[in-house]
1. How large, in percent, is the carbon and sulfur part of the accessible surface of the chain at a probe radius of 1.4 Å?
2. In µm²/s, what is D for the chain at 10 °C and 1.306 mPa s, where D = kT/(6 pi eta Rh) by Stokes-Einstein and Rh is the Kirkwood radius from Cα pairs?
3. Under the classification rounded if a/c is under 1.5, otherwise prolate if a/b is larger than b/c and oblate if not, where does the range 116-246 fall, given a ≥ b ≥ c as square roots of the Cα gyration tensor eigenvalues?
4. Kindly report the accessible area of the range 224-364 per residue (heavy atoms of protein chains, probe 1.4 Å, no ligands, DNA or RNA), in Å².
5. So how long is each side of the range 100-139 along the principal axes, counting just the alpha-carbon atoms, biggest first, in Å?
6. Dividing the convex hull volume of the Cα atoms of the range 264-317 by its residue count, what figure in Å³ per residue is obtained?
7. Please list the non-local residues whose amide H lies under 5 Å from the amide H of Thr68, H modeled 1.01 Å from N, same-chain partners needing a gap of 5 or more.
8. Might you report the magnitude of the Cβ-based charge dipole of the chain about its Cα centre, with Lys and Arg at +1 and Asp and Glu at -1, to the nearest 20 debye?
Amino acid sequence: MSTADDVRGWLAARSGTDADDWFLVSKARHGLEVLLSAVAACRGPGTVVTQPFTCITAVNPILAAGLTPAWAETSPATLSLDVRSLPRALSPATRAVVVQHTFGPVADVSSARAAVPAGVVIVEDSAHALGTVSPAADVSVHSFGLDKMLPTRAGGAVWVNPAIEPALGGELIARLSTLPAPTALARVAFRATPPIRRAAGRLGVAGHAAFDLLARAGLVDPSIHPAEERGVNVGPATALGGPALAAVAASLPRYDSIRAHRRTIAASYREALARAARVEIPAAFARDVPLVRFPVLLRDAESASAAFTLLDAAGVEPGDWYRPTLCPGPKDPGRYGYDPAATPVATDLSQRVLNLPTAPFVTQELARSAVAALQAAA
């Protein structure tokens with residue numbers, strides 16, 4: 001068996017699916033673009049319903065496929081798509097609905113499926129839920145990327161439901177099966193990015209400017225490319241290969257220990273903050289689930305900003321996912337047809353949310369420092 005076969009086999013074993021239904025891609029955002037391009041080819045132009053409480057890289061594939069985003073609300077309980085808002089977001093032009101698992105396996109995919117008309121493709125964005133969910137949609141997209149369940153920096157996987165409508169399934173599988181190998185430049189960027197990022201961080205503003213220039217030249221691969229803030233899905237979609245595939249395969253034996261660590265750290269946050277004044281834990285995160293980050297809601301934007309500053313000073317590395325909506329914020333919101341006033345719940349959540357790290361480097365002592373900083377800010 002090849003290394004790619006090993007990874008597909010691992011994904012299948014974790015999800016109770018068939019390895020033949022998994023396809024490895026350069027990035028989850030590239031896999032989403034391939035999927036939506038197949039939808040557009042089979043169903044024609046139209047809209048894709050999604051939520052604005054997300055990263056801009058989860059929306060750019062819609063534009064890249066020649067489709068138009070349509071905005072549903074975000075649930076305060078799950079920080080994922082609020083199924084109750086779907087009726088006003090759907091239209092005869094709706095081609096797909098993206099249901100995002102935010103920070104972990106929390107989205108109600110089955111209810112979303114029941115709420116949409118036949119023929120609308122249900123897409124499960126499982127970038128934050130690698131190895132923790134059994135796919136329940138027509139297509140499920142997973143990520144091995146930076147800050148996800150496994151810290152491998154690159155790579156994604158697409159699961160195609162064998163029961164998907166045959167014409168669309170055939171078109172999608174044909175596209176995924178014939179993706180080219182990664183370019184030589186992509187292989188160089190994968191190896192070069194970590195040391196150059198560390199050097200840039202030590203140089204401050206000048207270092208970050210230099211890093212952006214290298215990103216524009218394709219010599220490094222940032223989490224969010226400068227062009228992605230302008231609505232571009234950067235880079236060609238390729239098969240996962242080279243050093244990125246090797247890194248994914250090498251990380252899989254660590255998955256269980258990393259997942260267990262994340263659950264333990266999340267439980268520490270949960271227990272310590274359960275009765276904290278003016279710090280809200282969204283309902284879905286009050287139960288024991290493995291999380292890439294642990295979200296909390298402060299009482300207002302000012303409290304959230306103060307908490308972020310205190311957490312950063314404590315060395316906690318607070319997350320700004322998703323502050324603002326379409327994080328880190330589009331340069332041209334009009335390109336997305338997005339009006340924050342149209343989704344007031346998502347806008348409010350984005351102003352009050354903070355998220356705490358659960359990564360392998362987080363010790364119990366660091367978790368206690370995070371809790372203390374949050375309580376001080378609140």
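The values are calculated or read from the model by the stated rules, or taken from the named source; none is laboratory data. What you see is a predicted model, and the numbers here were worked out from it, not measured in a lab. Ideal geometry is used to build each Cβ from the backbone, glycine not excepted, and the neighbour counts take in all protein chains shown. Each accessible area value is taken on the protein alone, full model and side chains, heavy atoms only, with ligands, DNA and RNA left out. Shrake-Rupley method; radii C 1.70, N 1.55, O 1.52, S 1.80 Å.
1. 56 percent
2. 76 µm²/s
3. Since a/c reaches 1.5 and a/b is larger than b/c, the shape of the range 116-246 is classed as prolate.
4. Counting only protein heavy atoms, the per-residue value for the range 224-364 is 42 Å².
5. Largest first, the range 100-139 extends 28, 15, 13 Å along its Cα principal axes.
6. Details: hull volume 4.8 nm³, N = 54.
Normalising the Cα hull of the range 264-317 by residue number yields 89 Å³.
7. Answer set, sorted by chain and number: Gly46, Thr47, Val48.
8. Magnitude of the dipole: close to 580 debye.
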